Amino acid sequence: MFCRRVTEAILSLREEFYNWLNAEERKKLARIAYEDCGLPHVVGIADGTLFPLAFEPESIDAPDYSGRKYGYSLTTMIVCDYNKKIRYYLAGFPGCAHDNRVYNATGFVKRPNDYLADMEYNIGDSAFEISPYMVLSFRKGKGETLVEDHEKFNTRLAIVRIRSEHCIGILKGRFPWLRSIRMKVTDNPKSVKLILHLIDATVILHNMLIEFGEEEKEEWIDYEDFSDYDDELRAPFRNDNVLNRSIAAAAPKDTRQKQLLRYFKENVFH
């Protein structure tokens, strides 16, 4: 009873500590990312992670929970901001679910204009499907070598993408129960619903601790689990810059990625 009351108390703070960024917040954090890393207009950093289950599910779909790295797990999509706060997440998919499948179920794919302005986008690794609102690292096929500009582009994205790895590492480090969920999944929908309620409370607590400035520890990060730009009038933030223009609905899905690559070649790569 006490645990349920504590969880309900935390969940009552959801609207205050778990929300998507408004237009002003998106511009502010995009500015910080640009000044630190030279990446213009990036809002969210998306990555999937697995929350291992301590027990084999007792459900008809138990094999679906067999994940890529653990015996049984839940796949969760996390989109954090540059400050490593979780701004959007989607949990409850079985461990066999691919990251892109989970991301395709989010509002970013279904209703992107509700979350991002025309020039804004999220970034992720090559597991995702590219679009004007999702910029990815360039894929390298088996036995292939990326061209130099693509390697540099991937390195530039990695400077920002690593913050997602840190976010997930901090989340699991602060709340070790996510590394081995000792609750059994059954055919009763309430079994998964209870886990999701606790994940929700954990995300809220994570954001609260980020906001309150609690110290982070490097040992929390499991890296196997997954120039100077201070002039406010520089190109990416001028109204006449190509990166500030809308992308037509009929344009190729990799249009934004190509725009960024061209920008980096002209202004960043040496």
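Each reported figure results from applying straightforward, stated rules to the coordinates on display, with no laboratory input. This structure is a prediction, so every number in the text was calculated from the model and none was measured. All Cβ positions, even for glycine, are placed from backbone atoms using ideal geometry, and neighbour counts span all protein chains on display.
Placing dummy labels 7 Å off each Cα toward the beta-carbon, the span from THR155 to ASN19 is 4.0 nm.
Give me TRP20, TRP177 ranked fewest to most by other Cβ atoms within 10 Å of their Cβ, as a rough exposure proxy.
TRP177, TRP20
Sorted fewest first by neighbouring Cβ atoms within 10 angstrom, ARG31, ARG111 come out as ARG111, ARG31. Modelled spin-label separation between MET208 and TYR70, with each label point placed 7 Å from Cα along the Cα-to-Cβ direction: 2.4 nm.
Across segment 1-134, the relative contact order, built from alpha-carbon pairs under 8 Å that are at least six residues apart, equals 23 percent. Charges were assigned to the Cβ only: +1 to each Lys and Arg, -1 to each Asp and Glu. The resulting dipole of segment 2-267 about its Cα centre is roughly 620 debye. Among the listed pairs LYS27/LYS85; LYS27/LYS152; LYS69/LYS172; LYS110/LYS152; LYS140/LYS253, a Cα-Cα separation exceeding 23 Å is found for LYS27/LYS152; LYS110/LYS152.
Grab the beta carbon distance between LYS190 and ASN113, set R0 = 41 Å, and tell me the FRET efficiency rounded to 0.05. Computed FRET efficiency for LYS190 and ASN113 comes out at 0.70.
Listed by Cβ neighbour count within 10 Å, with the fewest neighbours leading, ASP64, ASP187 appear as ASP187, ASP64.
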